[in-house]
Each structure stands twice: as structure tokens, then as C-alpha cells.
Amino acid sequence: MAEQDALEEGISLYNRMNYTGALSFFLSLPPDSGADPVDLAYYLGLCYAKLKRYDDAMIYLEQVVTAFGGDSAAENGQGGTAKKTPENDRLLQCRYLLAIIYSMTGRQQLADFELNNLMKSGYKTASLYASFAYSAWEKGDSATCISYYEKALEADENNPTALNGLGYVLASQNKDLAKALSYCKKALSLAPDSAACLDSIGWVYYKMGLYSQARKYLEQAKSRDSQNEVISKHLYEAEQVDQ
């Protein structure tokens, strides 16, 4: 109990999304604070990840995985599925974050290692695959991106991130625009206030040559996320042809 009390203020800051304040608190804890070192590493890793300081995040997240995990998240479970315990929940969360960070920072072998462990554990694979799909898209690998989004939808056909992402990528590649529109419409029905979903369906309409429809959705996307450069670019392109 004393160990958790030592971290309580920092956890409260983190839960209120004050990640800089939480990080400062955790880093300022003296060695004799009574805080459990694995708990402290966990929260430091989360804070650094939220602040996009990925190299620092890796140091602490790897400590948690080493403390809890061995080589496979499935080792502590039966039939390839990890037991539902707080320790395993943390382990899976840290593996997930590490997989994304490794992928984003070009450490693909390490990312694949964590991905395989997560798959063995029965982790929420739709979210995981969708994250890897986005990472592949950012790297310009559209074929891998599409493959990951398709796997995400095999795991959860109603995952709005995967539906929206796959529709957007197909449209951007000028592949099967009717299917792209269907994916994006379904995503928007599941997340009607999402600027990303509004942008994607607008972009599909733009690719289909339906410029008035495109502007309608892109303007709504812009109103929800006015600082997004991609949305602004899409709206500008639609406005240039719809005059």
C-alpha cells in the first residue's frame, strides 16, 4: 500500500492527462520513497510514450516486460492465452506500446517479435493490426498497409479505425473506389464525429469525381480539426476543382 501511495500524486496527474507534470513527479521521487521500481518504470514509460519521447519510453517499457514477461506473454496462460491478471494486463500494454514504437523508429525485427508475442497472448488484434497498418502507410508501404488493415477487419469487422484506414488507403491508391466508399461509410456510421472519418469519405468522393459531396464532408472534417494539414490539403484540392 505504501508503494502505491508513493506514486499516487503522479498517477493522478497522469490520469488527468498532465503527462509533463506526472513525468516530473515520478522523476523527482527519492530512492527511499518506497515506490516499487517496476511500477515506477511502468508509469515513466507511459509518460514518455505520451510525450513522444520514444527512446526514453523504450528504456522503461522494456524494464517492465523483462520483469513480468520472459520471452512470451503466453507463457503464463493455457492454450496460448495469457491469464487475466493485473501483471499480464500491464505486460500486454507495454508489449503493445513497444511494438508500435519499434515500428515507428525502424526497429522492425523487434516490432515483429513483440507482435508475435501479442498474437500468441490473445491481445486485441484489431487495434494492433490497425496500428501497424498506419505505420506501414507512413513508410510508404501501401501493400503491407492494406494487408494489416484486412487482418484487423478479420479480427473485428466493426473496427472503425481499420474500416476508415482501409477505405482511405484504397482511395489514395485509386483502387476499388466503390469498396473504399463502403468501408468509409461504415466507419463514419460507427464514429460520426470523427474528423478522420469525415476526411476519408470526403477524399473518396473526391477520387470519384463527386466534388460537391467531397467538399461537404471535407468542410465538416475541417470544422472538427482545423489544424490538420492533411484535411486542409484535401479541402483545398476539392475547392480548386469544384468552382
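The values are calculated or read from the model by the stated rules, or taken from the named source; none is laboratory data. The structure displayed is predicted, hence computed values, not measured ones. Cβ atoms come from the backbone with ideal geometry, glycine included; neighbour counts cover every protein chain shown. SASA here: full protein model, heavy atoms, side chains in, ligands and nucleic acids out. Shrake-Rupley method; radii C 1.70, N 1.55, O 1.52, S 1.80 Å.
Count of segment 210-243 residues, restricted to those that are more than 18 Å from ALA196 (Cβ to Cβ) and in a loop (DSSP other than H, G, I, E, B), is 3. Across segment 1-46, the number of residues qualifying as in a loop (DSSP other than H, G, I, E, B) and among the small types (Gly, Ala, Ser) comes to 3.
Return yes or no: is TYR183 at pLDDT 95 or above, touching a helix residue (DSSP H, G or I) at 6+ places or on another chain (Cβ under 9 Å) and farther than 30 Å from ASP112 by Cα? Spelling it out, it is not the case that TYR183 is at pLDDT 95 or above, touching a helix residue (DSSP H, G or I) at 6+ places or on another chain (Cβ under 9 Å) and farther than 30 Å from ASP112 by Cα.
Report yes if some residue within segment 138-156 is more than 21 Å from MET104 (Cα to Cα), basic (Lys, Arg) and modelled with pLDDT under 95; otherwise report no. No: segment 138-156 contains no residue that is more than 21 Å from MET104 (Cα to Cα), basic (Lys, Arg) and modelled with pLDDT under 95. Of the set (1) open to solvent by 70 Å² or more (accessible area, probe 1.4 Å); (2) over 25 Å from the mean Cα position of the chain (by Cα), all apply to ARG215 but (1). The residues on offer are TYR148, TYR134, TYR102, and the sole one that is under 16 Å from the mean Cα position of the chain (by Cα), surrounded by 22 or more Cβ atoms within 10 Å (Cβ to Cβ) and either assigned to a helix (DSSP H, G or I) or in contact (Cβ under 8 Å) with a residue 24 or more places away in the chain (or both) is TYR148. Being farther than 30 Å from ASN116 by Cα, open to solvent by less than 30 Å² (accessible area, probe 1.4 Å) and at pLDDT 95 or above is not true of LEU163. The single condition among (1) of a type outside the set (Asp, Glu); (2) crowded, with 24+ Cβ neighbours inside 10 Å; (3) farther than 12 Å from MET208 by Cα; (4) out of contact with any Ser or Thr (no Cβ under 6 Å at 6 or more places or on another chain) that SER189 does not satisfy is (2).
For (1) aliphatic (A, V, I, L, M); (2) in contact with a Phe, Trp or Tyr (Cβ under 9 Å, 6 or more places away or on another chain); (3) free of Cβ contacts under 8 Å to residues at least 40 places away in the same chain, each residue gets a yes or a no:
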{"position": "THR20", "(1), (2), (3)": "no, no, yes"}
{"position": "PRO30", "(1), (2), (3)": "no, no, yes"}
{"position": "SER33", "(1), (2), (3)": "no, no, yes"}
{"position": "VAL38", "(1), (2), (3)": "yes, yes, yes"}
{"position": "CYS47", "(1), (2), (3)": "no, yes, yes"}
{"position": "LYS50", "(1), (2), (3)": "no, yes, yes"}
{"position": "ASP55", "(1), (2), (3)": "no, yes, no"}
{"position": "ILE59", "(1), (2), (3)": "yes, yes, yes"}
{"position": "PHE68", "(1), (2), (3)": "no, no, yes"}
